[in-house]
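Q: My questions all concern the structure below.
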Amino acid sequence: MRQAVFGSRSLGPKAARPGRRPAGAVPAARRAFGEADVARRAVGLFLLLAVIYSLSADLRASRGAAITGDEPFYLLTTQSLLEDGDLDLRQQYARASYRSFFDHPDGLWMQSVPTADGRILSPHNPGLSVLLIPGFALAGLRGAQFQLQLLAALTFALTYVWVARRTGETRWSAWATLAVALSATPFVYATEIYPEVPAALALVAALLVLARDERAPGAQAGSGAGEEGGRPTVPPGGPPPWAPAGTGRAPVPPGSCGGGSRRLGGRIAAIGRGQQAPGPGAGHPGEIGRCAVLALLLAALCWLGIKYAPLAAVVAAAAAWRAGRRGRWALGLAALVLGIPYVLFHLRVFGALTPYSVNVVYAGQSTPEVLQAHLTDLANRFYRLWGLFVDRRFGLVRWAPVLLLALPGWVMAARDRGGGRLALALALVQHLVATFVAITMMGWWFPGRTLMTVLPLYALPITLVLQRAGRRARGAFAVLAAVSLAITAALVRSVGAGQVTVAVDPFAMPVAWFAAMGRLFPDYRAWTPTTTALTALWLAVFAGLGAWGWRLVRRGDAAVPAASPVRGAADRAGCAAAPPAASAGVHRRTNPAKGGGWPPGR
């Protein structure tokens, strides 16, 4: 299975021999083999994670019950749907049928107040409860956990496919994805009854749908890459070394027409193949269908939790920006068709746009009042901007040091105008939600819950670092990934021995080296001189990692060859008259401030 996941290194073909001019396009058979190679490794990764994640099902959430927090209320709604066909939980409380999956001796408490007509509703969006019906119907709690376990494995398998396509790198993207997937937070939430993992799956699937409209690595309209069968191809040797970080695409040669808009590039490429160019607003073939699928995925995000609406909005905005006129109309129409039932359902069932209005904490409050309650005391939440990563108990880096390599990678991903920049926007939006909207980051759950939905996306920046930084960075990755895996293993052993539980006190593991590591992290339960000093130290570390990422970007920009290996599609179409140097395939970067630059006279 290891060979199936990590066997090959590059998605593209091998580099041409020095001094030999490479061919203009990757053969279709070789390109198909690359896609099949990625698919084979994705299947291997799915099977491997599905087996490993089965170990997390036995981790007790508290000493009194196997599950706790919000988990039993999601399953209680699932049970009500199966037994009574409605969302009213009165029968389940009356019969105490929840004891089939909730083993606390004191029974299940009430998390909501009765509505005006006496119904008792779970204060959570019903999407997860509906999703878990098959697994719960087959085997109760274990069946639901098994279903989530498979969804978690599928999430990271699709993440690998997305990262491999973004970077053109199969080996390091597999290692990066596996390192993130086996860190403590994804491992625990693989079987926790929370919507974070299904939401992550919907998000990654949406990114894959969007990626179908993007050029493959190393291919861009007018950039010098060939096209076969209406699809862009990768130049021999994979993405050129001078491409912007994380994109795998070469700069557009001066004088070509591919640097303007994506749709113009498609028209030029069609002319070069002797085909009729698509009309204005035509977009990509099948764009309407992809927009419909994308709308379904984003609607699923909102049904899983209204807290994911900001992520859905970011993806929808990116899709509308890239789509043609028909695609935008399709996306807008799908949003209306899927959004109106969502609004009407929540107003009819919960009396508000969110289910929080039936919660004992927000009983009777309107949607604006609930939102205002989440946005109070913002100044005291500012520390979460870095505390979500370095807090001694709940910080992600505390549990997965390998995530430190994501920071320089995000700097590199910011140069990618495609999926890399979108992934960065999603990570930032969720980080801001976890900082300023979430009531707390120290709840009755395992650390990292508020960031779990975007955590699979961290495989992309880590892959970019491994791809560009050299042996020392790869050695650091190996060490940090080993430490992260050791923390996960220590957690499994400590919970299995009954020493700690995953939702109450996992940070109290009686492991000497783990406790010693904790002294490097600030404890934000109280601001002491030690807390301040450690905070300053970690902010300096973050600044250094960011500067390292910027140097990697600059190093890639400086490695500009004297000639492009392949002439652009725009030149073949004769749509732009390039000067002699550009016509020969030469596109040098010069400094306009020193009298250089393109076009002449600028």
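The values are calculated or read from the model by the stated rules, or taken from the named source; none is laboratory data. Computed from a predicted model, the values in this text were never measured in an experiment. Note that each Cβ is placed from the backbone with ideal geometry, even for glycine, and that neighbours are counted across all protein chains shown. Note: areas computed on protein heavy atoms with side chains; ligands, DNA, RNA excluded. Shrake-Rupley method; radii C 1.70, N 1.55, O 1.52, S 1.80 Å.
Q: Hey, any hits in the range 135-153 for a residue that's surrounded by 16 or more Cβ atoms within 10 Å (Cβ to Cβ), out of contact with any helix residue (DSSP H, G or I) (no Cβ under 6 Å at 6 or more places or on another chain) and either part of a loop (DSSP other than H, G, I, E, B) or β-branched (V, I, T) (or both)?
A: no
Q: Among the listed residues W410, W399, which satisfies the condition of being of a type in the set (F, W, Y), more than 15 Å from E196 (Cα to Cα) and open to solvent by less than 10 Å² (accessible area, probe 1.4 Å)?
A: Only one candidate passes the filter, namely W399.
Q: Looking only at the range 321-332, which residues are open to solvent by 30 Å² or more (accessible area, probe 1.4 Å) and either farther than 17 Å from G289 by Cβ or free of Cβ contacts under 8 Å to residues at least 60 places away in the same chain (or both)?
A: W321, R325, R326, R328, W329, G332
Q: Same structure, new question: Against the conditions (1) part of a helix (DSSP H, G or I); (2) in contact with a helix residue (DSSP H, G or I) (Cβ under 7 Å, 6 or more places away or on another chain), where does L353 fall short? Just the number, please.
A: If we test L353 against (1) part of a helix (DSSP H, G or I); (2) in contact with a helix residue (DSSP H, G or I) (Cβ under 7 Å, 6 or more places away or on another chain), just (1) comes out false.
Q: Here's a follow-up. Within the range 287-309, which residues are open to solvent by less than 50 Å² (accessible area, probe 1.4 Å) and in contact (Cβ under 8 Å) with a residue 60 or more places away in the chain?
A: Residues satisfying the conditions are E287, R290, L294, L297, L298, A300, L301, C302, L304, G305, I306, Y308.
Q: Sticking with this structure for a sec: Would you pick out the residues in the range 333-384 that are within 30 Å of W538 (Cβ to Cβ) and in contact (Cβ under 8 Å) with a residue 12 or more places away in the chain?
A: The answer is H374, L375, L378, R381, F382, Y383, R384.
Q: Then there is this: From the set of residues in the range 96-121 that are among the aliphatic types (A, V, I, L, M) and exposed (fewer than 12 other Cβ atoms within 10 Å of the Cβ), which is farthest from the chain's Cα centre (by Cα)?
A: It comes out as A116.
Q: So, L485, is that one closer than 20 Å to A153 by Cα, within 23 Å of the chain's Cα centre (by Cα), open to solvent by 40 Å² or more (accessible area, probe 1.4 Å) and in contact (Cβ under 8 Å) with a residue 40 or more places away in the chain or not?
A: In short, yes.
For every residue, the table says whether it meets (1) buried (at least 24 other Cβ atoms within 10 Å of the Cβ); (2) among the charged types (D, E, K, R); (3) out of contact with any Ser or Thr (no Cβ under 6 Å at 6 or more places or on another chain).
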| position | (1), (2), (3) |
| --- | --- |
| T159 | yes, no, no |
| R166 | yes, yes, yes |
| R171 | no, yes, yes |
| A181 | yes, no, yes |
| E192 | yes, yes, yes |
| P195 | yes, no, yes |
| A199 | yes, no, no |
| A202 | yes, no, yes |
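Q: With respect to V5, is the statement that it is at pLDDT 95 or above and among the aliphatic types (A, V, I, L, M) true?
A: no
Q: Moving on. Taking the options R381, R348, name whichever one is of a type in the set (D, E, K, R) and within 20 Å of M442 (Cα to Cα).
A: R381
Yes or no, residue by residue, for (1) part of a loop (DSSP other than H, G, I, E, B); (2) over 17 Å from the mean Cα position of the chain (by Cα); (3) modelled with pLDDT under 95:
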position	(1), (2), (3)
T376	yes, yes, yes
A379	no, yes, yes
W386	no, yes, no
F394	yes, yes, no
L404	no, no, no
P408	no, no, no
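Q: Does the range 183-192 contain any residue that is among the hydrophobic types (A, V, I, L, M, F, W, C), in contact with a Leu (Cβ under 6 Å, 6 or more places away or on another chain), modelled with pLDDT of 90 or more and part of a helix (DSSP H, G or I)?
A: Yes, that holds for at least one residue.
Q: What single numbered condition from (1) under 19 Å from M452 (Cα atoms); (2) open to solvent by 20 Å² or more (accessible area, probe 1.4 Å); (3) not in a helix (DSSP H, G or I) fails to hold for N125?
A: So the condition that N125 fails would be (2).
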